Amino acid sequence: MHRLAPDEPRVCTYTGVTTLAAAASDLDGVLAGLGTAGRLVHLERIAARDARPAALARPLPPAVQGALGVDGFWCHQVEAIDLARAGRSVAVATGTASGKSLCFRAPIAETTTDPVHPGTALCLFPTKALARDQLRAFAALDLAGLVAAPFDGDCSPDERAWARRHATVVCTNPEMLHHGLLPHHRRWATFLMRLRYVVVDELHAFRGVFGSHVAHLLRRLRRLVALHRSGLRTARTEPTLVACSATIGAPAALAAALWGSPVTAVTDDGSPRGERLVALWQPPLLDGGHAVAPRLAPTSPPVAAERAGTAVLDDGHDTGRAPTRWSSGPTRGSAHVETALVLAGLVEAGHRVIAFVRSRRGVELVAADARRRLPAAQAGTVRPYRGGYLPAERREIEAELHGAALRGVVTTNALELGVDIGGLDACVLDGFPGTIASFWQQAGRAGRERRQSLAVLVAGDDQLDQWLVAHPGELFTRAPEPAVVNLANPYVLHPHLRCAAFEAPLTHDDERWWSGLLDDGIRDLVAAGVLQVRRPFGRSRSPSAVVATPGYPADGVGLRSGSGREVRITAVDGTPVGTVDASRAPELVHQGAVYLHQGAAFRVLELDLAGRRAMVVADPGVEHTMARTDVTVRMGAPEASRAVGGLTLALGAVEIESRVVGYQRRDARSGEVLGTAALEVAPTRLVTRGAWWTVPGDLLDAAGLHPDRWPGTLHAVEHAAIGILPLFAICDRWDVGGVSTVALEGGGAGTIVVHDAYPGGAGIAELAYAAADRHLAATLEVIETCPCTAGCPSCVQSPKCGNWNDPLDKAGAVSLLRKAL
């Protein structure tokens, strides 16, 4: 691996061998022109590869083969199709643009057009955009008997009814399966009775709490299929799962955990690929607004780590705003600015580009900046795309992506998943997306036609991004991480058992779907008055559990967040502007907040949480706002504890209470504080899992720290520890938060808490507890090697901090960790 000095010739690396770049390609030339002031710190050149074709064990019907439009299949496609046709569930985990969709389109096309026993298929996608994209692909097959229809929140009631009556292939998402299909399964009896295949696309997206919800959804689906098939004379009593994923660790284990029965993995990628360039881009150090000499990589070896995860949130907050610069000495330039610079340069050079940004607000800022940098004739060819847009807006942008109208799109991970947007030359990542799997998924969106492609990772100034830039080999040699789900989380299990009881009474026979979980779950729900036990009657020989409360249990069960509800953002006259999840509304659309949508700024006049509505008016957009949050933590009795150096580490249940108490107004360009305002917002309460370090007072004394410095020291350690945690725990950016305090009852002189950000937990606290020794050593390295003097976003500051990064003591954090370790 090689890092480039500012004046060094461009060097390309492949399998550890470095050679001077010969005739530079156009993409190389754009990089050279933009990568001044030490920005281009590493360039990896990954060679092209040839295809490896194979033949199916049994040819497809000629009409199906012709409709698919392919002469043959690659080896991984053949393996997957043969397994699926034999009724064996399969998980295909190969690279982006490796033709995974054919692995389910081919068997689905065959079964829906079978003249003797035609079957149906349910295709589950994590986003509506992906479902609509695959819907177009099914419709293009133009096969009699294959009738594909969408079933999502954008469909009208008539469209949903039509799908129920006529569709043989239904493209949907987890929310619509949960709310729209399963509770009304009797209307879908014919479809479910003939269900042959269930597709779970982008398998790697179904992890953590979201994946745990989907695992219960799929058990409910399989249970209802068995119910509607009971009494039928058929050799096939179960649908077959076809799961597709970007490259992840242990794909079969994740698929089996979601599906509830064994799954075979297909991972030998036989697809061709063009040459790929991967550049690591470091925003320059700034001193008084001017670039200074770049920092070289630390000489210390990479931190040993078993896992890498996703960039996580300190204090459970994500404002999506530019980091606050409170440190003295040089600081890094904005990753948003650098992303816009690279995006605009590539578009101006004639390339089609996608840029991934980690927050909704960041999407708007980067798109606007890129348009400002482009000539007037090209400015309109760059557009933002993110969640919260109205359906008509999303459809318009998606249509432009499929055509040639757009040259650049700036998006959240809404377009990370396999939407076929075709013809992309380059991908720019505004910060590391969190997991190796997500990184390669995003990078692989470019170069889908066997051409040379470019991926540029612009390092953010948080701890994890800076660690990866300092250790570039980790990005190319670290194995893709496995994903985990937690079916036993009672906050996930109990709502789904209630939903299942609404769909059909629960009996002892349902142990097959919830092995080891059913009895205790029913007992808890009966005790809570949610379910009631019905004695055996008629031919039944066992009791059953039925719903004891009115209404649809599916309502109010959020699959992706704790709230499961959205706040509608509207203008004063009622015109819809967008939506935001109710759990984030107090921080993002509180009264007085500035909200960005499609590049336009709005000022929030009123937030009505009970009515789930925020009222806004147009705003000049010359400032942004940052909420301030007070957090209180209470820990239960430790379930486990051990010593980590001079600290005591514990694991157990924690309760987090947070309240938005005010907000800060900042100049949108300079970041200068313009003023503050108080707020009164009802508190939110979270009961979850946490790992916490107890810091004894004598250790703080031994580190030479006066009690006045203890709060800032603990706060700084908390920020740095949370920033580097994804190297050791499989987590999504919404899956973790943290709290630090000096005077916690029963906690000694100081306590630092890292907690799961979902009710009941997602298993992250347990992973943090197990990896604490390596985790704290890496935390110390991150703080020590940062060149700032008083603390910056690359070490101890967090742009998501609910206390506006006050107080922070970088030197105190170094002294404490050195003494503790």
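The values are calculated or read from the model by the stated rules, or taken from the named source; none is laboratory data. This one's a predicted model, so the numbers in the text were calculated from it and none came from an experiment. Cβ sites come from the backbone with ideal geometry, for glycine too, and all protein chains shown count toward neighbours. For accessibility, only protein heavy atoms count, side chains too; no ligands or nucleic acids. Shrake-Rupley method; radii C 1.70, N 1.55, O 1.52, S 1.80 Å.
Candidates are the residues of region 423-456 that are touching a helix residue (DSSP H, G or I) at 6+ places or on another chain (Cβ under 7 Å) and aliphatic (A, V, I, L, M); the one that is farthest from residue 347 (Cα to Cα) is 437.
Being modelled with pLDDT of 95 or more and touching a Gly at 6+ places or on another chain (Cβ under 8 Å) is the filter; apply it to region 212-243 and report the residue that is nearest to residue 436 (Cα to Cα). Restricting to residues being modelled with pLDDT of 95 or more and touching a Gly at 6+ places or on another chain (Cβ under 8 Å), the top hit is 215.
Close Cβ contacts (under 7 Å, 6 or more residues apart or on different chains) running from residues in region 636-659 that are at negative phi to residues that are polar (S, T, N, Q) and surrounded by fewer than 16 Cβ atoms within 10 Å (Cβ to Cβ) comprise 648/641; 649/641; 650/641; 657/632. Please tell me if residue 86 is among the small types (Gly, Ala, Ser), under 29 Å from residue 190 (Cβ atoms), open to solvent by 10 Å² or more (accessible area, probe 1.4 Å) and free of Cβ contacts under 8 Å to residues at least 60 places away in the same chain. Yes, satisfied. The residues in region 150-170 that are more than 30 Å from the chain's Cα centre (by Cα) and assigned to a strand (DSSP E or B) can be counted, and the count is 0.
This table checks each residue for (1) of a type outside the set (Gly, Ala, Ser); (2) modelled with pLDDT of 85 or more; (3) buried (at least 19 other Cβ atoms within 10 Å of the Cβ).
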residue: 22; (1), (2), (3): no, no, no
residue: 27; (1), (2), (3): yes, yes, yes
residue: 43; (1), (2), (3): yes, yes, yes
residue: 65; (1), (2), (3): yes, yes, no
residue: 106; (1), (2), (3): no, yes, yes
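Does residue 698 meet the test of being of a type in the set (D, E, K, R) and in a strand (DSSP E or B)? So residue 698 does not fit the description; no. Considering only residues of region 121-172 that are under 22 Å from residue 64 (Cβ atoms) and of a type in the set (D, E, K, R), which is least open to solvent (accessible area, probe 1.4 Å)? That would be 133.
Which ranges mark the helices (runs of 4 or more DSSP H) fully within region 462-544 that have 1 or more residues being closer than 30 Å to residue 719 by Cβ and open to solvent by 10 Å² or more (accessible area, probe 1.4 Å)? Ranges flagged: 463-470, 473-477, 490-503. So which residues in region 600-620 are modelled with pLDDT under 90, surrounded by fewer than 18 Cβ atoms within 10 Å (Cβ to Cβ) and either in contact with a Gly (Cβ under 9 Å, 6 or more places away or on another chain) or within 22 Å of residue 798 (Cα to Cα) (or both), if there are any at all? Within region 600-620, just 600 meets the criteria.
Is there a residue being among the charged types (D, E, K, R) and surrounded by fewer than 23 Cβ atoms within 10 Å (Cβ to Cβ) anywhere in region 712-727? No.
Can you find a residue in region 731-750 that is of a type in the set (Phe, Trp, Tyr), modelled with pLDDT under 90, within 26 Å of the chain's Cα centre (by Cα) and open to solvent by less than 20 Å² (accessible area, probe 1.4 Å)?
Quick first cut of region 731-750, residues of a type in the set (Phe, Trp, Tyr) only: 734.
With modelled with pLDDT under 90 added as a condition, the list becomes 734.
With the extra rule that they be within 26 Å of the chain's Cα centre (by Cα), the set shrinks to 734.
Cutting the leftovers down to open to solvent by less than 20 Å² (accessible area, probe 1.4 Å) gives us none.
No, region 731-750 contains no residue that is of a type in the set (Phe, Trp, Tyr), modelled with pLDDT under 90, within 26 Å of the chain's Cα centre (by Cα) and open to solvent by less than 20 Å² (accessible area, probe 1.4 Å).
Might you check whether a residue that is in a helix (DSSP H, G or I) and open to solvent by 10 Å² or more (accessible area, probe 1.4 Å) occurs anywhere in region 89-104? For region 89-104, residues in a helix (DSSP H, G or I) and open to solvent by 10 Å² or more (accessible area, probe 1.4 Å): present. When region 802-813 is filtered for residues that are buried (at least 24 other Cβ atoms within 10 Å of the Cβ), assigned to a loop (DSSP other than H, G, I, E, B) and among the hydrophobic types (A, V, I, L, M, F, W, C), only 808 remains.
Anything in region 376-409 that is of a type in the set (A, V, I, L, M), part of a loop (DSSP other than H, G, I, E, B) and modelled with pLDDT of 75 or more? List them, or say none. Explain how you work it out, then say what you get.
First pass over region 376-409, keeping only residues of a type in the set (A, V, I, L, M): 376-377, 379, 382, 390, 392, 397, 399, 401, 404-406, 409.
Checking which are part of a loop (DSSP other than H, G, I, E, B) leaves us with 390, 404-406.
Residues satisfying the conditions are 390, 405, 406.
Within region 558-583, restricting attention to residues that are within 25 Å of residue 174 (Cβ to Cβ), open to solvent by 20 Å² or more (accessible area, probe 1.4 Å) and modelled with pLDDT of 85 or more, which residue is nearest to the chain's Cα centre (by Cα)?
Restricting attention to region 558-583, the residues satisfying the condition of being within 25 Å of residue 174 (Cβ to Cβ) are 558-569, 576, 578-583.
Next, from what is left, pick out any that are open to solvent by 20 Å² or more (accessible area, probe 1.4 Å): 560-566, 568, 576, 579, 581-583.
Imposing the further condition that a residue be modelled with pLDDT of 85 or more reduces the set to 568, 576.
Values: 568: 23, 576: 26 Å.
Among them, the one singled out is 568.
Of the listed requirements (1) over 29 Å from the mean Cα position of the chain (by Cα); (2) more than 22 Å from residue 579 (Cα to Cα), residue 664 misses just one: (1). All conditions but one from (1) among the β-branched types (Val, Ile, Thr); (2) open to solvent by 20 Å² or more (accessible area, probe 1.4 Å); (3) under 31 Å from the mean Cα position of the chain (by Cα) apply to residue 190; the one that does not is (3).
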